[in-house]
1. Kirkwood Rh, Cα Rg: Rg to Rh for region B:325-399?
2. I'd like the Kirkwood hydrodynamic radius of region A:205-323, using the inverse of the mean 1/r over distinct C-alpha pairs, in Å.
3. Sorted from largest to smallest, which semi-axis lengths in Å does the alpha carbon gyration tensor of region B:186-246 give for its equivalent ellipsoid, taking the root of 5 times each eigenvalue?
4. Hey, what D do you get for chain A in µm²/s if you plug the Kirkwood alpha-carbon radius into Stokes-Einstein at 10 °C and 1.306 mPa s?
5. Among A:230, B:418, which comes first, then next, by fewest other beta-carbon atoms within 10 Å?
6. Can you tell me the FRET efficiency between residue B:453 and residue A:303 if r is taken as the Cβ-Cβ distance and R0 is 51 Å, rounded to the nearest 0.05?
7. Using Cα centres only, tell me the gap between region A:159-209 and region B:449-506 in whole Å.
8. Given that compact globular proteins tend to follow 2.2 N^0.38 Å, what is the ratio of the alpha-carbon Rg of region A:9-132 to that value?
């Protein structure tokens, strides 16, 4: 296999591995830009993945599964909002509680329904999101350079991959070019300014966490009905946290967050590729080291290689009218 | 007392605002007691009262931030049901809050249109808003760049953004809550000129303040509040600061502090080229050089946030010096290695920090626990390895009687004392150790007038006992009445020093804005 083809394959895998991260990072951004810390991404992703797989299995449609996933994550977002926004609870604790709850609950319900040790039954073709082949992909396949880029790299992904990449400019537009985005950013910086402008702070924050729920639901559905073919216990394996890290790394902004997600996705893809490869002078790369790379990188990057990340000013603080 | 002014019952002109029987409780606190108030259209109406008199609560009710338990609000003679800020805005009320309600990461324009964007997509409204802003700016000479980031603007300009926000929303009535607390005297003057322009344009202004000088200078009418009740209405031209302060406090008060000439002796504190950095590595104090002698009070003046706090904290041993040195009676006590707050206390430096609740006491403690903070290892308070609570109670009772702390109950929780009494307890704790040097920051912040008088007298008594006193305050009046020498800071550096006898507000104001003292005096000479 020549180098070019290797790169194409690696980038192709990068797109697939970074998709759930992108959707979840955007989800985190909507919530955190409005002032609510969303550590629950991990648990919500897991809940979404389970609902999608279970419903898709019963109904036989990935789209209904996707809707179920989004419904689940919106419900979880509302729960998080109820604890943090309405009752001004500790946002970190609420997020962790949802993570622990979903880790156990998905397994419990999975065992009760399917008795396969927490897994959901494997989905057939019709119940999963299938790759979409772009028109003419076959024809241009052999054109040098551009051919493989079009037919291998760009074409042949499932719909959610494209949705994730379209979601980034869409989120940017909503955040910076609409009234909703202006108010959302304001409520995360100084809720008092929003309140005195005659806009409800609580309602605004709920709307933000609902947006967050929609996006993270898609990322959950992607894991179990697009990338995979069933739900596996704890299948998110920290992707929610990685997405959160990417969002912080991207300074709570859509495009930098996208870049961070692609970097993490690339490392993940490279880790798979590098397994068993013998590098000259180093020998065989230990699998564990490669797999740990994204996490090590997260720590290093967050520790200060990214310049000062200034979070939204009111992040983590419930709004209390001062006396 | 309830002499009302303005149009009569049948008069054609309705008052801009009329409040009838407004009543509000927060739990046990009766914040507003059956308040009646009329504000005439096209006037500047002052509301004065001490901290906690209920002024801000009343205005927050008018602006829809809180709902009154009873009473009605009438705007232009019409009964209004104000349930939230949006209702207040709808009837033409705008408010400039004491703590600005601005988003610092947004531009001026974005801040102004927040809530009245004029369409779901921003671009639709932004161009129209820009035109309207330009018109408002010209009309009221506000001098603001609509594209500047609010966080980069000075406090005075940020305040004008708040005014702009209200005007953009079509406010006919503008409420300003303690607007001059963060301004230099020159900025305050500019603000009052803007308010005059607003009045000329027929707008109504309500000015909440505890500064009588501003009431006398800027308002047409004034209402006085005390302990949640409205106690008097006056025409400003027919009243005096003395009468107003008496109405505010409920008894006669001495506005001017009487003190003798200082007799400064040997230098106690000597500061040379002191530099202090904050946790982010930003230099907050730049090459400060000054001294304080025994028997004098040196005041550090400056607009809040110009390095005074960091200077005071460094001298108190809470922050380390980055450069320079500090000497106490000739001995090196540069804060940093080996010289911390505890060591300085052992050497006779008493420190009353600026922020009472954060640094001077633990409000959840009882008074006697608060009264030994920092001195809890004093042998007098020990019984073996345990604290000697009998001795501590006795010592606290002594402090309380000496400093007139009320109620004089050493077991009462510190949070349950008023601000003035908390501060008296802190001062008693520090002053009664008989220190060589007293460092005191914002001694009367959040303290009622009666207690201010007492605290000022005790600080002067320290000086007269031959001790050195360093006073940091953002209240220029306080500095001018207490200090013998005034050191002015701006942007972390010492701009200059003037004798209190030669100081006046204009010169100090210019120096606080960074103008060299000689130039400031020259400018003053021309004025």
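Every number here is computed from the coordinates shown, using simple stated rules; none is lab data. From a predicted model like this one, the values you see are computed outputs, not experimental measurements. Cβ atoms come from the backbone with ideal geometry, glycine included; neighbour counts cover every protein chain shown.
1. Across region B:325-399, the Cα-based Rg/Rh ratio is 1.03.
2. Working: mean 1/r = 0.0593 Å⁻¹.
This gives a value of 16.9 Å.
3. Working: eigenvalues 94, 33, 24 Å².
Largest first, region B:186-246 gives 22, 13, 11 Å.
4. Working: Rh = 20.5 Å.
D = 78 µm²/s.
5. On the way: A:230 22, B:418 16.
In increasing order of surrounding Cβ atoms, one gets B:418, A:230.
6. Values: r = 54 Å, r/R0 = 1.05.
Efficiency computed from Cβ-Cβ geometry: 0.40.
7. Here the answer is 49 Å between Cα centres.
8. Values: Rg = 15.7 Å, N = 124, 2.2 N^0.38 = 13.7 Å.
Its radius of gyration relative to the 2.2 N^0.38 Å reference: 1.14.
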